[in-house]
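First the structure, in the form of structure tokens, and then the observations on it.
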Amino acid sequence: MRIGHLLGTGRSADVYAMDEAWVLRRYRDSSDARPELAVMSYLSAFGYPVPRLGPSPAAATPSDLVLQRLTGPTMLESLLSGAVTGDEGAAILAGLLTDLHTIPARLSPEPADRILHLDLHPDNVMLTSDGPVVIDWRTAAEGPPALDRAMSSLILAQVAVDRTSPLATGARALLTALLPRLADQGGIPDTQLAQAVCRRAADSNLTQDEREFIDEAADLISEWAG
């Protein structure tokens with residue numbers, strides 16, 4: 001397969017067309033994508049909805065992943081268009097987290113540890129004709145499921161408390177619908193919320209404006225969760 005034209009660009013990676021079935025995602029900072037490949041392969045074996053993995057071209061580097069070319073909007077696009085309501089979006093996110101946390105850790109010896117996405121939000125969920133598919137597993141790790149719930153909530157809360165963002169109202173509605181569902185999964189303990197805050201603050205991809213909302217976002221979650 002030949003690497004084709006640029007399809008899109010994100011905070012850390014570019015996506016190139018290969019053919020009708022496959023795309024190539026390449027990290028701009030030359031990060032090693034092989035750990036992500038291992039996680040996605042593992043999850044796929046359990047039937048979790050991740051993009052299929054394809055054969056690498058001759059010109060591929062360790063920063064490259066060949067992935068299924070998905071067709072459909074992101075959940076964020078569907079929320080903005082009104083095709084998906086906040087309540088429906090919350091149900092999808094909660095279900096994806098629940099299903100993910102049934103899968104045992106791949107490496108950790110701790111029995112309670114699970115695979116964590118740690119960046120599961122509406123822009124990382126593609127709504128395909130076969131159902132939702134979770135993308136961008138760069139931040140995946142292993143640990144307590146509550147940390148994953150805390151990260152997803154914190155990311156949404158950061159948008160919700162940004163009064164200048166046109167997405168704030170929708171994010172608040174989605175978070176309001178999501179938190180009761182996460183409470184049914186075990187909730188968000190203060191210890192895991194604190195860890196999520198530390199992880200979020202250390203994310204080099206965040207803008208300074210985004211960092212300024214982390215503490216207010218955490219306070220919002222604590223208030224609602226309490």
Practice problem: Find the residue count for the stretch 92-119, including only residues that are touching a His at 6+ places or on another chain (Cβ under 7 Å) and free of Cβ contacts under 8 Å to residues at least 40 places away in the same chain. | Solution: 1
Practice problem: From A90, A38, grab the single residue that is of a type in the set (G, A, S), exposed (fewer than 15 other Cβ atoms within 10 Å of the Cβ) and at negative phi. | Solution: A38
Self-check item: the stretch 47-70 - residue that is over 18 Å from the mean Cα position of the chain (by Cα) and open to solvent by 40 Å² or more (accessible area, probe 1.4 Å) and, of those, nearest to L156 (Cα to Cα)
Solution: P62
Quiz item: Just checking, how many residues over the stretch 145-201 are more than 16 Å from H101 (Cα to Cα) and acidic (D, E)?
Solution: 2
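Output the residue which, of all residues in the stretch 189-226 that are part of a helix (DSSP H, G or I) and among the polar types (S, T, N, Q), is most open to solvent (accessible area, probe 1.4 Å).
So the residue we want is Q208.
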Quiz item: What residue, of L220, L193, L206, is aliphatic (A, V, I, L, M) and over 28 Å from S31 (Cα atoms)?
Solution: L220
Quiz item: Only one of these conditions is not met by P122: (1) more than 24 Å from S12 (Cβ to Cβ); (2) without any contact (Cβ under 8 Å) to a residue 60 or more places away in the chain; (3) surrounded by 18 or more Cβ atoms within 10 Å (Cβ to Cβ). Which number is it?
Solution: (1)
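Of everything in the stretch 1-13 that's in a strand (DSSP E or B) and either within 17 Å of the chain's Cα centre (by Cα) or modelled with pLDDT of 90 or more (or both), which residue is surrounded by the most Cβ atoms within 10 Å (Cβ to Cβ)?
Checked the stretch 1-13; the qualifying residue surrounded by the most Cβ atoms within 10 Å (Cβ to Cβ) is A13.
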Self-check item: Scan of the stretch 14-33 for residues that are more than 18 Å from the chain's Cα centre (by Cα), open to solvent by 40 Å² or more (accessible area, probe 1.4 Å) and within 25 Å of A141 (Cβ to Cβ), ordered by number
Solution: R28, D29, S30, D32
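The values are calculated or read from the model by the stated rules, or taken from the named source; none is laboratory data. Only a predicted model underlies this, so the values are computations on that prediction, with no experimental measurement involved. We place every Cβ from the backbone using ideal geometry, glycine too, and count neighbours over all the protein chains shown. What goes into the accessible areas is simple: the full protein's heavy atoms, side chains included, and nothing from ligands, DNA or RNA. Shrake-Rupley method; radii C 1.70, N 1.55, O 1.52, S 1.80 Å.
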